[in-house]
Amino acid sequence: SPAEMFALLLCAPTGLAPRGGLPVRLGGVRTAVSLPKMRLPQGEPASLGAALQRSVTAASLVVLLLASPLVPSAIGPLSVGGGSVHARELASGSGSRVNKDPLSLLRLGLPNQPKAMREVQAALEECQDNLARLNGQVASSALSKAQSAAKSGQAAILKAVPASKASEGQAALSGIVATMAELKTSLSASKQSDALAANERALKQVTVLEELIASGYTQPAPPAELADLPYLKGR
């Protein structure tokens with residue numbers, strides 16, 4: 001580059017160069033060009049030559065740094081701990097939907113839920129999302145999945161409810177099934193607002209049933225060596 005040529009010309013008349021040569025870029029590769037060592041006239045003090053050599057070397061390096069900007073493609077992504085750092089949200093970058101529904105996230109925080117209960121919840125939430133996007137066909141497909149999961153997993157869901165609250169659990173599950181039937185009717189009639197309202201009621205009933213199931217969960221005690229420290233009980 002012009003800056004490197006300027007540094008070479010600056011150093012060449014006096015024969016000054018940093019130890020190991022002056023760094024230059026040739027064909028995209030940085031290398032070092034060895035220059036003749038400084039020859040001082042007879043009688044000149046050695047300290048003067050050393051000081052002059054250091055000054056010129058520093059000036060040359062400053063010129064190179066200022067006139068040779070870093071090339072991002074040559075540097076590559078910043079690496080921390082062996083992995084590359086990319087300013088990109090992996091979930092959205094891969095195409096999957098990011099769950100931003102606070103009620104859904106609270107439901108997912110309830111412990112001790114059987115697989116069938118989670119499948120009913122996920123399918124109803126998928127139905128609600130597609131209804132909001134006016135995608136009735138996908139919403140109908142999601143509703144069918146929810147109804148199938150509730151029917152095949154009925155025994156497992158009711159078994160997860162504490163025995164003392166079995167009747168409440170049965171009523172909640174029956175309410176979910178009945179509301180999903182209403183939702184299907186509204187979808188078949190293309191009644192968008194009625195379908196959304198029924199979907200919301202069904203999810204509220206899902207929350208009630210999941211809370212009943214979670215009420216029977218016993219939080220494990222902390223280890224003995226940590227028993228004197230405060231810890232979160234429940235939500």
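The values are calculated or read from the model by the stated rules, or taken from the named source; none is laboratory data. If you're wondering where the values come from, they're calculated on a predicted model, not measured in any experiment. Neighbour counts are summed over all protein chains in view; Cβ atoms, including those assigned to glycine, are modelled from backbone coordinates with ideal geometry. Ligands, DNA and RNA are excluded from the accessible area calculation, which covers all protein heavy atoms including side chains. Shrake-Rupley method; radii C 1.70, N 1.55, O 1.52, S 1.80 Å.
Some observations on this one:
- Rounded to whole Hz, the Karplus (6.51, -1.76, 1.60) HN-Hα couplings of region 131-148, x for glycine and proline: 5, 5, 8, 6, 10, x, 5, 5, 4, 5, 5, 5, 5, 4, 5, 5, 5, 5
- Calculated accessible area for region 128-167 comes out at 60 Å² per residue, all protein chains present (probe 1.4 Å; ligands, DNA, RNA ignored).
- Highest mean packing first, where packing is the average number of other Cβ atoms within 10 Å per residue, the peptides 206-213, 160-167, 127-134 line up as 206-213, 127-134, 160-167.
- Gyration tensor verdict on region 133-190 (Cα atoms; rounded if a/c is under 1.5, prolate if a/b is larger than b/c, oblate otherwise): prolate
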